[in-house]
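Report on one structure; see the data block that follows.
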Amino acid sequence: MAIRNIRVIGDDILTKKCKPVKEMTPRLLQLIDDMFETMYQENGAGLAAPQVGVLKQIVVMDVDDGNQYLLINPEIIEEEGSQTGTEGCLSVPGKHGTVTRPEKVKVKALDQDMKEFVLEGEGLLARCICHEVAHLRGELYVDLVEGELMDNSELDEEGEEEQE
């Protein structure tokens, strides 16, 4: 496993659409392991492949609910309700903003064995799914921020959010 360099806002790769994964390979399994390791190293809640320079539809997440999530070729198939909260991104270091996302989502994806499954998430997991799937379309949360993007130094300790 290896820590990968995280691409930051201004890097063109973050605005490109990712290609679906057609088959699992040893190289992609290594990428997935590296993505988890990189996400944990950076104290993130989620990481999408383009954030480490790979234009593949792969997302890893861990929102401190006791589970690690891997989504390959994810497609959000249902959304319900709304939630507004603070969001950050490993590709937009030192910043955060207020974003409204669905309160609940249902996503269809493939696991590492390329078997289809459906994941339902609410709260932080729903927010993270939406944030990371947007990365696969070349979209950043900064385009959804309500009001101004703020420096993380303005967050108090109780309001700190994990970076996605």
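Rule-based calculations on the coordinates, nothing more; no lab input. The model shown is predicted, which means the values in this text are computed figures rather than measured ones. Glycine also receives a Cβ, built like all others from the backbone with ideal geometry; neighbour counts cover every protein chain displayed.
Tabulated data
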| read-out | value |
| --- | --- |
| Positive-end extreme of charge dipole, the stretch 12-156 - chosen from GLN83, ALA48, VAL21 (charges on Cβ) | VAL21 |
| Burial ordering of SER153, SER82, SER91, fewest other beta-carbon atoms within 10 Å first | SER153, SER82, SER91 |
| Residue-count net charge about GLU148 - beta-carbon cut-off 11 Å; Lys, Arg +1, Asp, Glu -1 | -2 |
| Virtual paramagnetic centre 7 Å along Cα→Cβ of ARG137, amide N under 14 Å, in the stretch 59-79 | 74-79 |
| Point-charge dipole on Cβ atoms (K/R +1, D/E -1) for the stretch 12-156, about Cα centre, debye to 20 | 740 debye |
| Cα long-axis angle, helix 124-136 against the chain (0 to 90 degrees, to the nearest 10) | 70 degrees |
| Residues PHE117, PHE36, sorted so that the one with the fewest Cβ neighbours within 10 Å comes first | PHE117, PHE36 |
| MET1 versus LYS17: modelled label distance in nm, points set 7 Å from Cα along the beta carbon direction | 3.3 nm |
